[in-house]
Amino acid sequence: MQRLLTPLVFLSLLLCGAIFGFFYAWVCSTMWGLDTLEPNVAIMAMNAMNISVRNGVFMPAFFGTPVVLIATSVLALLAGQRKVAMLIGAGGLVYIFGAFIPTASINVPMNIALEQYNTPLIAEDAAAIWAEYSPRWQFWNTFRTIVSGITLLLVSFALYALPRRA
């Protein structure tokens, strides 16, 4: 079990880093860039990105992260690595409740609602839609970014807590 634990902790770290980086990129560039555009263009671009993210590169990181974290935590517990199990288990719970569920229950429904608008819209309507959408979406994305960063830190601490061979 110990032989499998170390690679799983590294995989957990990799997946957490991938999802944190994904959310972080939206915080520090993508949404700020969209906010500089004419609202019709921002809506079209956001819709295009939301459709394109449904792919085989993003999905393993988003859906695989909680599965790998839980599996790694269980394996660590079975291997007698209680501290590692607790850190990764805590990271899994933090990710599930702070990033995964908000994404599924807030950000994705907002994206689906935005997709219902056929652009171009009257300029004032597009501006009102984007003004309502963007700040709320960004708040929840920032929240899930912070949570994903905390998860990444917890897994990093777990990696540090693994026993080392002399």
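Given (1) assigned to a helix (DSSP H, G or I); (2) basic (Lys, Arg); (3) under 30 Å from Gln2 (Cα atoms), identify the lone condition not met by Arg165.
For Arg165, the exception is condition (1).
Sort out for me the helices (runs of 4 or more DSSP H) sitting completely within segment 1-88 that have 1 or more residues that are touching a helix residue (DSSP H, G or I) at 6+ places or on another chain (Cβ under 7 Å), in contact (Cβ under 8 Å) with a residue 12 or more places away in the chain and of a type in the set (Gly, Ala, Ser). Write out each step before concluding.
Details: elements: 2-25, 31-35, 39-52, 58-78.
Result: 2-25, 39-52, 58-78.
Identify, from the list Tyr117, Tyr95, the residue that is at pLDDT below 95 and not small (Gly, Ala, Ser). Break it down into steps so the answer makes sense when it comes.
Numbers: Tyr95 fails: at pLDDT below 95.
Within the list Tyr117, Tyr95, the selection yields Tyr117.
What do you reckon, is Ile129 of a type outside the set (Ser, Thr, Tyr), without any contact (Cβ under 8 Å) to a residue 60 or more places away in the chain and either crowded, with 16+ Cβ neighbours inside 10 Å or within 26 Å of Arg54 (Cα to Cα) (or both)? Before the answer, list the steps.
Values: of a type outside the set (Ser, Thr, Tyr): yes; without any contact (Cβ under 8 Å) to a residue 60 or more places away in the chain: no; either crowded, with 16+ Cβ neighbours inside 10 Å or within 26 Å of Arg54 (Cα to Cα) (or both): yes.
Judged against the criteria, Ile129 is not a match.
For Thr145, indicate whether it is surrounded by fewer than 19 Cβ atoms within 10 Å (Cβ to Cβ), of a type in the set (Ser, Thr, Tyr) and over 22 Å from Pro7 (Cα atoms). Steps first, answer last, please.
Working: surrounded by fewer than 19 Cβ atoms within 10 Å (Cβ to Cβ): no; of a type in the set (Ser, Thr, Tyr): yes; over 22 Å from Pro7 (Cα atoms): yes.
So Thr145 does not fit the description; no.
Quick one: which residue in Ile101, Ile70, Ile106 is farther than 18 Å from Tyr133 by Cα and buried (at least 17 other Cβ atoms within 10 Å of the Cβ)?
Numbers: Ile101 fails: buried (at least 17 other Cβ atoms within 10 Å of the Cβ); Ile106 fails: farther than 18 Å from Tyr133 by Cα.
Only one candidate passes the filter, namely Ile70.
The values are calculated or read from the model by the stated rules, or taken from the named source; none is laboratory data. As the structure is a computational prediction, the values presented were derived from the model and not from experiment. Cβ atoms come from the backbone with ideal geometry, glycine included; neighbour counts cover every protein chain shown.
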